[in-house]
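Following: one structure in structure tokens, then a few remarks.
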Amino acid sequence: MAPMGIRLSPLGIGVFCLLGLGVLYHVYSGLLTWRLSAFLLGDRAGSGGGESGTVDLRDLLAAAVQAAELGGVEVRTVRESNKLNENSKGKTREGADDKMTRGDLLSNRRMASLIKNTFPGVQVNTEEHLEEADKESISWDRKMPDDIKDKIQNAKLVPTESITVWIDPLDATHEYTENLVNYVTTMVCVAVDGKPVIGVIHKPFTRYTAWAMVDGGSNVKRRASYDEKSPTIIVSRSHSGKVKEVTFQTFGNHTKIISAGGSGYKVLSLLDVTGNENQETADVYIHVTYIKKWDICAGNAILNALGGQMTNLKGEEIIYTGQDGNEGGLLASMGMDHNALVEKLASKISDKEKKI
């Protein structure tokens, strides 16, 4: 007989035991599932951009492509609506209006939110500041494009803290306001320890996307040939400084010069971009004035991946950490003797002019 006169029923004991077993099952099955997932997937917090650990550059590339293309949708939609809400952020060093539109802001919100939400431990630098309250609840959809899977088959893990992402939500804003949309791009660049290793350039109005990873792969290639004797030079149409004068002095008065908008567009002019409509071609890209790093980082990465070069006018590598501006101008080439180009330009551009 049980204490206190309580009689224990065999049925009650059985029910109690079953309840206890159920609790133990749920506790331990959850623990085992978590451990199995951790074993099979590895440090997903790191590969997804957690606060610590590592990031797989393939994931970051795929997310960058998606971000650039989604930003492009915003850019295209605003331009087609003809409601740009254009205003000026101030003056450039050349005295022109530094324009901003609703397309810049909406594209920036979409692109920066996607990267920051997917990789919260990664440093993100973007042209338009994104307030925490303005962040969208959007993340990379975890779909790896087939061309990335085919060309980059192995994981490329790097420490999270070594990464800086540079986002240009709308390159060639000046031309965008004039409806010269062929020059417009959205761009994402990934730098590791200051070196550009992933570049994505997307043209919203033709839906063309170029991407490349240093020591990885790309969906774009260099052209079959370049004219080293009489190169065609591409320069900025809205931030030209003294670049045309310098070009004629360096390469001769009969040198062909293309004036174009957008750094992304100008880098694509150096490549074989078959299928990309209305893309001009050039051999060398020169810029002699101040330029922001989000304007040039993606193109720098793509050129590096394909065996080209982008440096400042002294031939020094551009480091993508710290300040967001590049004071030393830039020289970009593919299939050319880059050092010889640097030497040619050196005698024509003073240090003072390089900082205009």
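Where nothing but the Cβ of Lys and Arg (+1) and of Asp and Glu (-1) is charged, how large is the charge dipole of the range 143-199 around its Cα centre, in debye to the nearest 20?
320 debye
Have a look at the range 225-356 and give its Rg and Dmax from the Cα atoms, expressed in angstrom.
Final numbers for Rg and Dmax: 13.5, 41 Å.
Take Lys151 and Ala340, extend 7 Å from each Cα along the Cα→Cβ direction, and tell me the distance between the two endpoints in nm.
Result: 2.9 nm between the two label points.
Starting from the Cα-Cα distance between Glu178 and Asp98, subtract it from 0.36 nm times their residue separation and give me the gain in nm to one decimal.
Gain in length upon complete extension: 27.4 nm.
Measuring with a 1.4 Å probe in the full set of protein chains, what accessible area per residue, in whole Å², belongs to the range 127-223?
44 Å²
Run the simple label-point estimate for Lys314 and Glu80 please: 7 Å along Cα→C-beta, distance reported in nm.
So the two model labels end up 4.7 nm from each other.
Put a dot 7 Å past each Cα toward the Cβ at Gln323 and Val73; how far apart are the dots in nm?
3.8 nm
Provide the FRET efficiency to the nearest 0.05 for the Asp134-Glu277 pair, computing r from the beta carbons and using R0 = 45 Å.
E between Asp134 and Glu277, to the nearest 0.05, is 0.85.
With +1 assigned to the C-beta of every Lys and Arg and -1 to the C-beta of every Asp and Glu, and no other charges, what is the dipole magnitude of the range 215-319 about the Cα centre in debye, to the nearest 20?
Taking the Cα centre of the range 215-319 as origin, the dipole is about 240 debye.
Which value, in debye to the nearest 20, describes the size of the charge dipole of the range 178-257 about its Cα centre when Lys and Arg Cβ atoms bear +1, Asp and Glu Cβ atoms bear -1, and nothing else is charged?
For this selection, approximately 220 debye.
Can you tell me which lysines have their Cα less than 25 Å from the Cα of Lys149? Leave out same-chain residues fewer than eight positions away.
Qualifying lysines at Cα under 25 Å: Lys116, Lys195, Lys203, Lys221.
Which pairs in the list Lys135/Lys156; Lys156/Lys229; Lys135/Lys293; Lys99/Lys156; Lys83/Lys266 are over 30 Å apart, alpha-carbon to alpha-carbon?
Violating the 30 Å Cα-Cα cut-off are Lys156/Lys229; Lys99/Lys156.
Roughly what % of Cα-Cα distances in the range 105-235 sit above 18 Å, to the whole percent?
64 percent
Of Val192, Val165, Val181, which is farthest towards the positive pole of the range 150-192's charge dipole, taken about the Cα centre with +1 and -1 on the beta-carbons of Lys, Arg and Asp, Glu respectively?
It is Val192.
Keeping the other protein chains in place, figure out the carbon and sulfur percent of the accessible area of the range 137-266, with a 1.4 Å probe.
After summing per-atom areas, the C and S share lands at 45 percent.
Give me the 1.4 Å probe accessible area per residue for the range 279-356, excluding ligands and nucleic acids, in Å².
Ligands and nucleic acids excluded, the figure is 38 Å² per residue.
The values are calculated or read from the model by the stated rules, or taken from the named source; none is laboratory data. Here the structure is a predicted model, which means the values were calculated and not measured. In this analysis, Cβ positions are derived from the backbone assuming ideal geometry, glycine residues included, and neighbour counts consider all displayed protein chains. SASA here: full protein model, heavy atoms, side chains in, ligands and nucleic acids out. Shrake-Rupley method; radii C 1.70, N 1.55, O 1.52, S 1.80 Å.
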